[in-house]
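What follows draws every value from the coordinates through simple rules; no lab data is involved. This is a predicted model, so every value here is computed, not measured. Here Cβ is always computed from backbone atoms with ideal geometry, including for glycine, and neighbour counts include all displayed protein chains.
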Amino acid sequence: MTASLLQPYRLNDTLTLSNRFVMAPLTRCMAGPGLVPTDLMAAYYGRRADVGLIVSEAVIIRPDGQGYPNTPGLYSPEQIAGWRKVTDAVHAGGGKIFAQLWHVGRLSHPFFHHAEVLAPSAVAFEGTVPRMRELTYQVPRALTVAEIAQLVLDYAQAAANAIDAGFDGVEIHGANGYLIDQFLHHDSNQRDDEFGGSPEKMARFALDVVDAITARIGADRTALRLSPGGYVHLKGDARDRAVFDYLLAQLDTRALAYLHVGIFDDNMTFDYLDGRASDYMRAHYRGNLVGVGQLNADSAAEAVAANRFDLAAIGRPLIANPDYIARVRDGAELVAYSESMLPELV
Ligand SMILES: Cc1cc2nc3c(=O)[nH]c(=O)nc-3n(C[C@H](O)[C@H](O)[C@H](O)COP(=O)(O)O)c2cc1C
């Protein structure tokens, strides 16, 4: 059954992928000084070029979007040049790569940029910065409407920079409790202006970012990752359902490259979504859908055969197996993933 996943897949008129596997975005915290991608990163991505589509680790659109050490950026000329080496390595191997565009919102810390922490509302996430346990998350300052407009411009500029750096497109990181997702959930969005207070207003920032980026680089090269079920970095709320019902209906009219479920386990269910996030997104959106979360080649092939999604993203197994596609093709055993593999880029 997995053979069907190894056939080419026509994403849209612009992009055809060599197979239906996607490398899930995986933050590795190994950018060099100036948050510039390194030669080691180029080699790491290049080794995985036989995956149908690589989504890069999350890339910050501007300095105050950073929430973890040594995460790469896409706002300086040096960063763009560094990414060019990555995209060249992937293209040399016949692959395609999208940049995942990221701003962490309230999950940032002045430690990284000596600036204010900005978010939809002045509501802190309780906890400490991973890998930096001595840093506690702060109460963010609520963004002004003018600052929100600037953020939209900065997302669009980062998308244009991604194309300059040779990426085939961008995946907007609207998932996992980061800035865009913070606008989409009641836990973190308590605004009562044009960006909060109703489903339409809560969805507006996400749609403004999507529209600004598609105007700049085209809908065919623009994708979006969403977590309708709040499961990390914020609490889900039954009222969030209406926000995502509205957002997905709007996205359905926009001909994006794909939507991607933001989740760690596809089997997780949410009462207010009547089940799995992937099934909910499939039911509310007709375009390409990327499923993810604890998938293996067999479960991915079953899900695609059952029309639950079109493409299957693989995360941790691709950290452990740079030759994942060859192993699936040959029916070879996989190396088991372990967190102890994270400090090294193999
Ligand atoms: C080390 C690590 C880093 C991750 N970094 C990102 C990221 O930068 N952006 C993102 O959207 N998801 C990120 N994720 C989530 C993955 O994209 C994926 O959804 C998750 O690992 C589930 O897939 P898997 O079971 O195949 O690993 C990360 C996951 C891990 C384990």
Item checked: Tensor-based shape of region 109-210 (alpha-carbon gyration tensor, a/c under 1.5 rounded, otherwise prolate or oblate) -> oblate
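Let me have the relative contact order for region 197-346, percent, based on Cα pairs under 8 Å that are six or more residues apart.
Details: 200 pairs, mean separation 25.9, N = 150.
17 percent.
Pull out the extension gain between A122 and L334, defined as 0.36 nm times the separation in residues minus the alpha carbon to alpha carbon distance; nm, one decimal.
Values: separation 212, 0.36 × 212 = 76.32 nm, distance 4.50 nm.
Once the chain is fully extended between A122 and L334, it gains 71.8 nm.
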Item checked: Karplus 3J(HN,Hα) series, Hz, for region 125-130 with 6.51 cos²θ - 1.76 cosθ + 1.60 (x for Gly, Pro) -> 8, 6, x, 10, 5, x
Next item on the list: Rounded to whole Å and ordered largest first, report the semi-axes of the equivalent ellipsoid of the chain derived from its Cα gyration tensor (root of 5λ).
Entry: 29, 24, 19
Check: In whole Hz, what ³J(HN,Hα) sequence does region 167-174 give by Karplus (6.51, -1.76, 1.60; θ = phi - 60°), x for Gly and Pro?
Finding: 5, 7, x, 10, 10, 6, 7, x
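Relative contact order, percent, of the chain when contacts are C-alpha pairs under 8 Å separated by at least 6 residues? Numbers along the way, then the final one.
On the way: 771 pairs, mean separation 54.4, N = 346.
Answer for the chain is 16 percent.
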Item checked: Relative contact order, percent, region 216-290 [alpha-carbon distance under 8 Å, six or more residues apart] -> 38 percent
Check: Length gain on complete extension for the stretch Q190 to R47, per 0.36 nm per residue less the alpha carbon to alpha carbon distance?
Finding: 47.1 nm
Note to self: What does the C-alpha gyration tensor say about the overall shape of region 54-186? Classify as rounded when a/c is under 1.5, otherwise prolate if a/b is larger than b/c, or oblate.
What the structure shows: prolate
Next item on the list: Would you please report the Å³ per residue occupied by the convex hull of the alpha carbon atoms in region 1-107?
Entry: 114 Å³
Next item on the list: With label points built 7 Å along Cα→Cβ from the Cα atoms of A115 and R84, find their separation and express it in nm.
Entry: 2.5 nm
Check: Under a point spin-label approximation (7 Å from Cα along Cα-to-Cβ), what is the A283-T269 distance to one decimal in nm?
Finding: 1.2 nm
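Between N296 and D245, 0.36 nm times their residue separation minus their Cα-Cα distance comes to what?
On the way: separation 51, 0.36 × 51 = 18.36 nm, distance 2.92 nm.
That pair, N296 and D245, stretches by 15.4 nm at full extension.
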Note to self: Could you identify which residue out of P110, P199, P140 has the top mean-square fluctuation in a GNM of the chain using Cα springs shorter than 10 Å?
What the structure shows: P110
Checklist line | Nitroxide proxy distance, nm - points 7 Å out along Cα→Cβ at L342 and R327 | finding: 2.0 nm
Check: Given the rule -39500 (n - 2.57) for each run of at least 4 DSSP H residues, summed and divided by the residues of the chain, what is its mean residue ellipticity at 222 nm, to the nearest 500 deg cm²/dmol?
Finding: -9500 deg cm²/dmol
Next item on the list: Any chance you could list P(r) for region 191-323, counting all Cα-Cα pairs in 5 angstrom bins from zero, rounded to whole %?
Entry: 2, 10, 18, 21, 20, 15, 9, 3, 1, 0
Next item on the list: Could you work out which residue, out of R241, R47, R329, moves most in a Gaussian network model of the chain, that is, has the largest mean-square fluctuation with Cα springs under 10 Å?
Entry: R329
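Give the percent of DSSP beta bridges with both residues in the chain that are antiparallel, rounded to the nearest 5.
The antiparallel proportion sits near 15 percent.
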Next item on the list: Would you give the gap between the C-alpha center of region 26-88 and the C-alpha center of region 254-315, rounded to a whole Å?
Entry: 26 Å
Notebook entry, point to check: Pick from L259, L26, L53: which is most flexible by mean-square fluctuation in a GNM of the chain where alpha carbon atoms under 10 Å apart are linked?
Noted result: L26
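Mind giving me the FRET efficiency for A306 and E200? R0 is 51 Å, r the Cβ-Cβ distance, nearest 0.05 is fine. Mind dumping the intermediate values first?
On the way: r = 33 Å, r/R0 = 0.65.
Efficiency, from the Cβ-Cβ distance: 0.95.
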Check: Whole-Hz Karplus ³J(HN,Hα) for region 75-87, in order, using 6.51 cos²θ - 1.76 cosθ + 1.60 and θ = phi - 60°, x for Gly and Pro?
Finding: 10, 10, x, 5, 5, 4, 5, x, 5, 4, 5, 5, 5
